[in-house]
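Laboratory data are not the source of any read-out in this text; all were calculated from the coordinates shown. Not measured: the values here are computed from a predicted model. Every residue, glycine as well, gets a Cβ built from its backbone with ideal geometry; the counts of neighbours run over all protein chains shown.
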Amino acid sequence: MGKYFGTDGFRGEANVDLTVADAFKVGRFLGYYYGKDHKAKIVIGKDTRRSSYMFEYSLVAGLTASGADAYLLHVTTTPSVSYVVRTEGFDCGIMISASHNPYYDNGIKIINGSGYKLEAEVEELIEEYIDSKEDKIPLALKDNIGRTVDHAIGRNRYIGYLISLATRSFKDIRVGLDLANGSATSVAKGVFDALGAKTFVINCEPDGTNINRDCGSTHIEHLQKYVVDNNLDVGFAYDGDADRCLAVDDLGNIIDGDLILYLCGVYMKNKDDLANNTIVTTIMSNLGLYKALDREGIKYEKTAVGDKYVFENMMLNGHSIGGEQSGHIIFSKHGTTGDGILTSLKLMEVMLESKSKLSTLTKDITIYPQILINVKVADKAAVEEDVEVIKVIEAVEKDLGGDGRLLVRKSGTEPLIRVMVEAGSNEICRQQAERVVKVMEERGHIIKE
């Protein structure tokens, strides 16, 4: 990861870590970089944060000042930007969003002309330009100055594409949608209504400050209650930019990313549509998923945390489905990034084709209890190299054996060590996790707040 760009773009608190000056320079560089031998065309989408409009204008100013034409999708989802870029011949796309973060954060995600996340080497060039004292990129003059184009039709084409992927009508299916007061408000309900569902929507009134606030996939307990109270067949919750999805079954149980991978993977295998008979997961996926996949005879691969790494593995090896426990699910046949609304359509397909409720389809998989403790530390590398910490990790792994799992990893963006334990009970999880944390504390690594 670079100085500004992490695994999911340039992200931070608006006007603190990510400023309008930064956004302007990103626009300036992209307009220049992609416009060396032709007039660059760059498409921009944004979520509903108050600062998204500010950053949109800053990016447009930078792009057009460098001679690029900026096409505006307005409020839309991250996967829609990827779709429009790769299907309409844009040089690159920009999504303004901090995904599931609170409203006061924001981010700039850049998507290359193939619909993939921008190459690291180009991100490094952008970072060099942001930090440069002297601006060596020429300003466009006269009729070479770029223009701004309303491109809402691109978002509409994406909506039409989603509708075209459905294999059956959703007629008379009672579906709940938690739109997180974010990007999904411009897309999701229209898709489900067009497919005939009886659609019930919550958290669909964005005001610039309520995106992800006590709603969406990070607060799915509200959708759980809503599904049960309204006797719905299924519910889907999205995050701020709608690139992830979690579901709720008819009984109000959470269907997380691991369960979605299981349901869709088994369905795809039965349809002879599971490339290489393999699902790509991250190291954070639940032990229960792996045991269930072993039983079904489905292979799996594990990557570092981040849908970026999942997609890289899928492309390198030709796999057709992969994702994260958090709900980033990628179907390589249909997209190049996690797509929450597409994921919900795929789950609907599994339900309708099997003529079964989600609660029935998941009865044969047992998800192990899991605890995750985030520990703020002074030096992440020092923790990883500490002999006593290594010893306790080895001891816990030995005690858990094949009936549990310990994962200790450093955060890529924060001064945190994450300690995750899976075991047969919540009590065992907590005991073993706290055992590791205690040694970190005794060794003086933990920062007290």
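Computed values, structure above
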{"item": "Cα shape, the chain, gyration tensor, a/c 1.5 rule", "result": "oblate"}
{"item": "Cβ crowding within 10 Å averaged over residues, with 90-97, 228-235 ranked highest first", "result": "90-97, 228-235"}
{"item": "Cβ crowding within 10 Å averaged over residues, with 247-259, 58-70, 422-434 ranked highest first", "result": "58-70, 247-259, 422-434"}
{"item": "Percent antiparallel among DSSP beta bridges (both partners in the chain, rounded to 5)", "result": "55 percent"}
{"item": "Percentage relative contact order, the stretch 5-154, counting C-alpha pairs under 8 Å, at least six apart", "result": "30 percent"}
{"item": "Within straight-line cross-link reach of Lys136, lysines at Cα separation under 16 Å, skipping those fewer than 8 residues along the same chain", "result": "Lys25, Lys36"}
{"item": "Residues of type lysines that Lys398 reaches as a straight line, Cα spacing below 20 Å, ignoring anything fewer than 8 places off in the same chain", "result": "Lys291, Lys438"}
{"item": "Among the listed pairs Lys380/Lys448; Lys376/Lys410; Lys225/Lys355; Lys171/Lys346; Lys308/Lys357; Lys3/Lys302, those beyond 21 Å (Cα-Cα)", "result": "Lys225/Lys355; Lys308/Lys357; Lys3/Lys302"}
{"item": "Helical mean residue ellipticity (222 nm; -39500 (n - 2.57) per DSSP H run of 4+; nearest 500) of the chain", "result": "-12000 deg cm²/dmol"}
{"item": "Qualifying GluC sites (Glu not before Pro) for the stretch 96-149 [loop in DSSP, other Cβ within 10 Å: at most 13]", "result": "Glu119, Glu134"}
{"item": "For the stretch 201-217, 3J(HN,Hα) per residue [Karplus equation, 6.51 cos²θ - 1.76 cosθ + 1.60, θ = phi - 60°, Hz, x = Gly/Pro]", "result": "10, 10, 6, 10, 10, x, 10, x, 10, 10, 4, 6, 7, 6, 7, x, 5"}
{"item": "Highest to lowest packing among 44-56, 277-289, 196-208, scored as the average C-beta count within 10 Å", "result": "44-56, 277-289, 196-208"}
{"item": "From the C-alpha gyration tensor of the stretch 340-430, square roots of 5λ in Å", "result": "36, 19, 9"}
{"item": "Dipole magnitude of the chain, debye to nearest 20 (Cβ charges: Lys/Arg +1, Asp/Glu -1, about Cα centre)", "result": "880 debye"}
{"item": "Farthest positive-ward along the chain dipole, Cα basis, beta-carbon charges - from Val84, Asn181, Gly404", "result": "Val84"}
{"item": "Antiparallel DSSP beta bridges within the stretch 166-361, percent to nearest 5", "result": "40 percent"}
{"item": "Cut-off under 5 Å, modelled amide H: who pairs with Gly240 long-range", "result": "His100"}
